[in-house]
1. For region 119-135, name all the residues that are part of a helix (DSSP H, G or I) and crowded, with 24+ Cβ neighbours inside 10 Å.
2. Failed condition for residue 38, given (1) part of a helix (DSSP H, G or I); (2) within 30 Å of residue 314 (Cα to Cα); (3) touching a residue at least 24 places away in the same chain (Cβ under 8 Å), with all others met?
3. Working only within region 346-360, note down all residues that are free of Cβ contacts under 8 Å to residues at least 24 places away in the same chain and surrounded by fewer than 16 Cβ atoms within 10 Å (Cβ to Cβ).
4. Could you list all residues from region 1-19 that are assigned to a loop (DSSP other than H, G, I, E, B) and at pLDDT below 95?
5. Sort through 323, 343, 390 and tell me the only one that's touching a strand residue (DSSP E or B) at 6+ places or on another chain (Cβ under 8 Å), in a helix (DSSP H, G or I) and touching a residue at least 40 places away in the same chain (Cβ under 8 Å).
6. Of the residues that sit in region 288-303 and are in a helix (DSSP H, G or I) and in contact with a strand residue (DSSP E or B) (Cβ under 6 Å, 6 or more places away or on another chain), which one is surrounded by the fewest Cβ atoms within 10 Å (Cβ to Cβ)?
7. If you take the residues in region 255-277 that are more than 26 Å from the chain's Cα centre (by Cα) and in a loop (DSSP other than H, G, I, E, B), which one is surrounded by the fewest Cβ atoms within 10 Å (Cβ to Cβ)?
8. From the list 69, 84, which residue is in contact with a helix residue (DSSP H, G or I) (Cβ under 6 Å, 6 or more places away or on another chain), surrounded by 23 or more Cβ atoms within 10 Å (Cβ to Cβ) and modelled with pLDDT of 95 or more?
């Protein structure tokens, strides 16, 4: 495919393939993990390296063409129409420095690749609930790790970014090189710059005491009340969430979960004392499934068991200040055993610990005790009911929040809710300075 302006074609500028809608491979290259999001750009550039990224950005800027960047597409919430879609999924590389305890990865790298490479040195990264997610997109939103209470947001551990600004300038930013811009990219980088690589700290974690306790949905009230009281007592070494799961009655779903409401308490504890810390929840109600034990960090996905198959979905989130009795009643009314909801997953993840402070951060969970994340599947016969169900849940929980929530959990909600008013103002100024044409889409 040839995209030409003033006798200069994109194909002349990049080593990777360039697709238009008539080309074989266009749909696959533009596809997002969220199958409900169907990007329809005028052209897709399958970048092979950082030089392709620079060339594409410069071309888009020169010709005033909107630009959207996608690696794995896990964060896709809105479809792009027109412009250039820059696919960075081929920029996959992992370099571990075991002495510095850092990893340097390319923009298309997924967390699974980092976890496996780091584990060979007894180290672990701050990945989220699914290792299938891309490193860079997750980190640009702050990154809410499985071990976030223990070590902080993923963005807190970034050492440096390799970036390309919309004028086509490629450079490194860090705490010592353009620190103001570095701080904004670390948690607020979506729609600000294009990142081609990131270096971040690793941690000496070879194993965790983790997994999930599963309770029958009939015990939702007692389990949620026990969780609310117990989670307030946890030390920073303990990380947890409570999830209300309505699994379909399908052959690939475990018999104990199929076709009914179950309540899952996900748990990951670093260091000794994990079994003792979890004991109150084991005693909260009859346990349907107990899948908690010592896990090598390479099996960290077992804590949340997120789906790995692309599907059409709509997600959203917010934050709440505390699980008070009034909040508990609102949760039970919305997603408990008597609720007629079409949302298969609603999660309340404990924040605090190393994520509590606003100091020096673009993204934070300041003032929030729990992050809320809900997902609805946009498939017949319930697809048309999902948006109203999601909005109804979030509306019921807003009285218990402060208008904010971790950026990675907001889904299709207003991304500004992931930041303070002050940070949003600074981000707006930075976008105007870095991208005066407003071409780079978040």
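The values are calculated or read from the model by the stated rules, or taken from the named source; none is laboratory data. Note that the structure is a prediction, hence the values are computed from the model and not measured. Reconstructed Cβ throughout: ideal geometry from the backbone, glycine too, with neighbour counts over all protein chains shown.
1. Of everything in region 119-135, just one residue is part of a helix (DSSP H, G or I) and crowded, with 24+ Cβ neighbours inside 10 Å, namely 135.
2. The failed condition is (1).
3. Within region 346-360, 357, 359 meet the criteria.
4. The answer is 1, 2, 3, 6, 7.
5. Answer to the check: 390.
6. That would be 302.
7. 255
8. That would be 84, the only listed residue that is in contact with a helix residue (DSSP H, G or I) (Cβ under 6 Å, 6 or more places away or on another chain), surrounded by 23 or more Cβ atoms within 10 Å (Cβ to Cβ) and modelled with pLDDT of 95 or more.
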